[in-house]
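A.B. asks: The structure under discussion is supplied below as structure tokens; questions concerning it will follow.
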2 protein chains.
Amino acid sequence: MSGAGAAARSLAGRAAELDAADPLRSSRDAFVLDDARVYLDGNSLGALPKAVSARLRDVVEREWGELGIRSWSESGWWSAPERIGDRIAPLLGAAAGQVVVADSTSVNVFKAVVAAVRMAGEDAVRGAGEDAVRGAGEERDEILVDASTFPSDGYVARSAARLTGHRVVPVEPGEVPAALSGRTAAVLLNHVDFRTGRLHDLPGLTAAVHEAGAYAVWDLCHSAGALPVGLDAHGVDLAVGCTYKFLNGGPGSPAFLYVREEHQRRFDSPLPGWNSHVEPFGMEPEYEAAVGAARGRVGTPDILSMLALESALDVWDGVPVEAVREKSLALTDFFLECVAAYVPEGAVESVTPAAHAERGSQIALRCEDAGKVMERLIARGVVGDYRPPDVLRFGFTPLYVGFADAERAAAVLADAIGARPA
Amino acid sequence: MSGAGAAARSLAGRAAELDAADPLRSSRDAFVLDDARVYLDGNSLGALPKAVSARLRDVVEREWGELGIRSWSESGWWSAPERIGDRIAPLLGAAAGQVVVADSTSVNVFKAVVAAVRMAGEDAVRGAGEDAVRGAGEERDEILVDASTFPSDGYVARSAARLTGHRVVPVEPGEVPAALSGRTAAVLLNHVDFRTGRLHDLPGLTAAVHEAGAYAVWDLCHSAGALPVGLDAHGVDLAVGCTYKFLNGGPGSPAFLYVREEHQRRFDSPLPGWNSHVEPFGMEPEYEAAVGAARGRVGTPDILSMLALESALDVWDGVPVEAVREKSLALTDFFLECVAAYVPEGAVESVTPAAHAERGSQIALRCEDAGKVMERLIARGVVGDYRPPDVLRFGFTPLYVGFADAERAAAVLADAIGARPA
């Protein structure tokens, strides 16, 4: 018997024990999953919760087909963006009334960045004195943007800068404290890097941004539903994120926008559609913004996608995000241990930090021919994804991924890059 | 026998004859409708096409649940915005490759208005000479906006103006030719007024806008699927519209954006999300816009709502929009005739023009206590809607509304305002 074979049996045994002791194990039953596959792409598209199909059928056949327009009030369609926002809020560490579900993440980045620089501009005008606020008296013409951001955020931030007379300064998140100055209006950062899975220091960076008199906008696409975010506790000003990754809302389900309560009356949206009017059915020619989270809405909400998301959120009933985080770290630790045991040294290199404080809920491995390796993995039933130029991404969604899945994925990876574990 | 009773019997007889001769009559079978009700609110939320529920179930259970992320390519999710745009295009008189389905109408108004004023600004910079274009050399700082527009368009246009250094000038559509000048950058108009149902002169006004060297942006919410629009033939620059009224896409189904082919390379979106990048999966930090209609995309498309819309569009197979228009005019004529016969003179006043060239596919009647009257109508099975302060709206969707429906609606209206027809 080879040493590798013994290692595999030992890790497989450990996996079984860990799965047996997993308090989240039963959550998996709420999802449609093919047991022949290991699904590690929940950081791209979350798996289908079982309840969604029947709920959507009811929305279509009864709420639309039978009740028709009455459903805007009677079936709660109109209030869905705020109601579903309040379902997501606890997962982000936000009290009710601050999160709204609407539009795409990119559109919400636009709203948030424009609103942030407008608040900074307002602070500057207010100047010093009794009303003194953060950035009083400064000329703030810079928006710092995570240099390794998901590209869309950067594109949209540059558009916001162009339209509001600011300039974008690309900065690695770790360098943000040094780059902050009296010229900084806003800072747009990713909580977890989409490529490397690195978790950035949201509390520390937000505090630094505030100390410089600027506003912090966080993109939570890869942390919402994966780990505690603590928006309220850490004083985050604005945040956006998608709902189709760790929140399992379905392909292209609408994104969310968080506007801290104390900023809501100053939130000056560049997309003031009728849904954000204080009296949307008054059909007034003059715009007067709604109070509260509804101010982040724009046009008519896409009800089918939105109510599928609402149904998907039921899997979170009774599941604290802290428990999800604990399992996520255990899973990714265990996956890295299996990779170290099975894959010959040097064949892959983790670009995800080993330190828990710097790790999201995915493991990104750099390897040669990553695109081809991922094709082989998928053909062998391990579904991750590939991000150019050389990164394999494996997302671990603790609600439905187990330790045996992690062990199997590592074994198949070793196989796919040409080294069998036994 | 009273004269009113005879009139009712005569009109009911005419209705039966008209229905029997209606070439679109069988289209109704494609929809889920309650025969006990007359549904005249398709100008707010179109009825449910029967095929949608099964299609959506397949999208959820097979495409999302089984195929998962593979569906982005294998199930055609990624290309849905352009593919569905091409399905809508013929109804708008547009050749393929110019319409994309994305976001809400309000968000698309923002894209279109900003892009229009940017083109006007570019024209001004190019100046006279060999490259001379429309507005060469002028300082164009005005955006003319339909003064009676659906409010959201006005709010969003003012936001676009504020962000681009323009000012909004509210103008009644009929007054646009007189208001145009060398200062006009763009004009935002509604094809059909949401409140009165008045159809505006798209060919004539577009020509006038062009003569003044400006760009025409049309909102087609109340004409798409109700009448021929002729975007290509009339030289419209940009257009937007919703898909949940006469296109029956479902509550909040995504809107469309038309960018005339000759403008596509100059279409400079204020919302340049990754979906509009020439290589969206290249994850490049620098933005380079896609060629073609995809340039109007922003973030990840909401697939469930979008594919429900695609399925809903099947009811148009073999149905020319010209036939829909012909029936729409006959229906609204007949409804007005029935109202004149049944409702005592002076009790209601049509604010929809009698002239066919000025009428969309709804009839708006002003009456006292309109809100209460509509409640009574709905209680008696005639579903229209109410728009403050005093307008009853009755939308006629020729695909599923017949002449007997129109007759019954007029009779119930007479009843609801206290005058029985017999």
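Readers should treat all values here as calculations from the given coordinates under stated rules, not as data from a laboratory. Here the structure is a predicted model, which is why all the values come from computation and not from measurement. Glycine also receives a Cβ, built like all others from the backbone with ideal geometry; neighbour counts cover every protein chain displayed.
A.B. asks: Please enumerate, by chain and number, the lysines with C-alpha under 26 Å from the C-alpha of B:LYS327, excluding those fewer than 8 residues away in the same chain.
C.D. replies: Straight-line reach from B:LYS327, under 26 Å: B:LYS50, B:LYS245.
A.B. asks: Can you pull the mean other chain C-beta count within 10 Å for peptide A:281-291?
C.D. replies: Partner-chain Cβ atoms within 10 Å, mean over residues of A:281-291: 4.
A.B. asks: I need A:SER328, A:SER53, B:SER79 ordered by Cβ neighbour count within 10 Å, fewest first.
C.D. replies: B:SER79, A:SER53, A:SER328
A.B. asks: Another question about this same structure. Under a plain spin-label model, where a point goes 7 Å from the Cα along Cα-to-Cβ, how far apart in nm are A:ASP29 and B:ALA54?
C.D. replies: With each label point 7 Å from Cα toward Cβ, the separation is 3.3 nm.
A.B. asks: Highest first, please rank the peptides B:359-365, A:44-50, A:320-326, A:252-258 by the mean number of other Cβ atoms sitting within 10 Å of their residues.
C.D. replies: Those peptides, ordered most packed to least, come out A:252-258, B:359-365, A:44-50, A:320-326.
A.B. asks: Show the residues, 5+ positions off or on another chain, whose built amide H is closer than 5 Å to the amide H of B:VAL382.
C.D. replies: B:VAL38
A.B. asks: Starting at the first residue of region A:360-376, write each ³J(HN,Hα) from the Karplus equation 6.51 cos²θ - 1.76 cosθ + 1.60 with θ = phi - 60°, in whole Hz, x for Gly and Pro.
C.D. replies: Computed from phi, the couplings for region A:360-376 are x, 10, 9, 10, 10, 10, 7, 7, 5, 6, 4, x, 5, 4, 5, 4, 5 Hz.
A.B. asks: Report, as an integer, the average count of C-beta atoms from other chains found within 10 Å of each Cβ along B:57-69.
C.D. replies: Other-chain Cβ atoms within 10 Å of each residue's Cβ, averaged: 6.
A.B. asks: With N denoting the number of residues in the protein assembly as shown, provide Rg(C-alpha) divided by 2.2 N^0.38 Å, to two decimal places.
C.D. replies: It is 1.00.
A.B. asks: Next question. What are the semi-axes of the equivalent ellipsoid of region B:63-316, taken as the square roots of 5 times the eigenvalues of the Cα gyration tensor, listed largest first and rounded to whole Å?
C.D. replies: Rounded to whole Å, the semi-axes are 30, 22, 15.
A.B. asks: Suppose you put the label 7 Å out from Cα in the Cβ direction; list, shortest first and in nm with one decimal, how far A:ALA207 is from each other copy's label.
C.D. replies: 6.9
A.B. asks: Taking every DSSP beta bridge with both residues inside region B:63-316, roughly what % is antiparallel (nearest 5)?
C.D. replies: If I count the DSSP bridges inside region B:63-316, around 35 percent turn out antiparallel.
A.B. asks: So what J values fall out for region B:252-265 if you push phi through Karplus, 6.51 cos²θ - 1.76 cosθ + 1.60 with θ = phi - 60°, rounded to Hz, Gly and Pro as x?
C.D. replies: These are the phi-based 3J(HN,Hα) values: x, 4, x, 8, 10, 9, 10, 10, 3, 3, 5, 9, 4, 6 Hz.
A.B. asks: List the relative contact order of chain B as a percent without decimals, with contacts defined as Cα pairs under 8 Å and 6+ residues apart.
C.D. replies: Rounded, it is 23 percent for chain B.
A.B. asks: Same structure again: Where the centre of each part is set by its Cα atoms, how far does region A:132-206 sit from region A:228-254, in angstrom?
C.D. replies: After rounding, the separation between the Cα centres reads 18 Å.
A.B. asks: Could you work out the mean count of beta carbons from other protein chains within 10 Å of each residue's beta carbon in B:342-355?
C.D. replies: 0
A.B. asks: Determine, for B:TYR287, B:TYR400, the number of other Cβ atoms within 10 Å of each Cβ, and report the residues in order from fewest to most.
C.D. replies: Least to most surrounded, the residues fall as B:TYR287, B:TYR400.
A.B. asks: Hey, fewest Cβ within 10 Å first, where do A:GLU358, A:GLU172, B:GLU407 land in order?
C.D. replies: By the 10 Å Cβ count, ascending, the order reads A:GLU172, A:GLU358, B:GLU407.
A.B. asks: How many nanometers, to one decimal and shortest first, lie between the label point of A:GLU172 and those of its other copies, if labels sit 7 Å from Cα toward Cβ?
C.D. replies: Spacings between copies for this position, smallest first, are 6.4 nm.
A.B. asks: How much of the DSSP beta bridge set in the protein assembly as shown is antiparallel, as a percent to the nearest 5?
C.D. replies: Roughly 55 percent of the beta bridges in the protein assembly as shown run antiparallel, per DSSP.
A.B. asks: A follow-up question, please. Mind listing the label-point distances from B:PRO388 to the same position on all other copies, shortest first, one decimal in nm, points 7 Å along Cα→Cβ?
C.D. replies: 5.2
A.B. asks: Sequence-distant or interchain residues sharing an amide H contact under 5 Å with A:VAL145, placed H: which?
C.D. replies: Sorted by chain and number, the residues that satisfy this are A:VAL169, A:VAL171, A:LEU188.
A.B. asks: If amide H atoms are built 1.01 Å from N in the plane of the peptide, which residues on other chains or at least 5 residues away come under 5 Å of the amide H of A:PHE31?
C.D. replies: Residues meeting the amide H criterion: A:LYS50.
A.B. asks: Apply the Karplus parameterisation 6.51 cos²θ - 1.76 cosθ + 1.60, with θ equal to phi minus 60°, to every residue of region A:392-405 and state each ³J(HN,Hα) to the nearest whole Hz, in sequence, with x for glycine and proline.
C.D. replies: For region A:392-405, the Karplus-derived couplings read 8, 10, 10, x, 10, 9, x, 5, 9, 9, x, 6, 5, 4 Hz, x marking Gly and Pro.
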